[in-house]
Amino acid sequence: SFSVKVLNFPLVIHSHEIPGHRDYDRNALLFSIGFAVSTASPTARFTAALRKLALTLRAMEIESAFLSDPAKKASLEVLLPRLLRDLNDSG
């Protein structure tokens with residue numbers, strides 16, 4: 001059997017943090033990014049990658065509405081599998 005643990009990095013972006021004050025429902029965008037990894041895997045390398053990904057997505061949202069604009073958000077379907085492949089290839 002394959003046992004996994006979930007690493008998670010939740011974030012919140014408040015409307016007032018964005019130049020021009022983008023209007024979010026409830027005045028904030030809450031999102032979380034996570035990895036499911038084998039319980040046998042050391043988590044340190046995944047934790048660093050997860051933090052970097054979460055903060056990069058946060059910056060992209062603040063700069064260009066990457067997560068809240070449906071057209072831009074659709075590109076995650078291409079980016080996330082590529083990220084997974086790159087993480088697996090790097091060992």
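The values are calculated or read from the model by the stated rules, or taken from the named source; none is laboratory data. Values in this document were obtained by computation on a predicted structure and should not be read as measured data. Cβ coordinates were reconstructed from backbone atoms using ideal geometry, including for glycine residues, and neighbour counts include every protein chain displayed. For accessibility, only protein heavy atoms count, side chains too; no ligands or nucleic acids. Shrake-Rupley method; radii C 1.70, N 1.55, O 1.52, S 1.80 Å.
Structural remarks
- A search for C-beta distances below 9 Å between a residue of the stretch 66-86 that is over 21 Å from VAL37 (Cβ atoms) and any residue that is open to solvent by 50 Å² or more (accessible area, probe 1.4 Å) and assigned to a helix (DSSP H, G or I), counting only pairs 6+ apart in sequence or on different chains, returns PHE66/MET60; PHE66/LYS72; PHE66/LYS73; LEU67/ARG58; LEU67/MET60; LEU67/LYS73; LYS72/MET60.
- Looking only at residues of the stretch 1-39 that are open to solvent by 90 Å² or more (accessible area, probe 1.4 Å) and assigned to a loop (DSSP other than H, G, I, E, B), we find that the one that is nearest to LYS72 (Cα to Cα) is ASP23.
- Among residues of the stretch 35-48 that are more than 17 Å from LEU83 (Cβ to Cβ), those with a beta-carbon under 8 Å from a residue that is aromatic (Phe, Trp, Tyr) at least six positions away or on a different chain give the pairs SER38/PHE2.
- Number of positions in the stretch 36-91 that are more than 14 Å from the chain's Cα centre (by Cα), acidic (Asp, Glu) and over 20 Å from ILE18 (Cα atoms): 2
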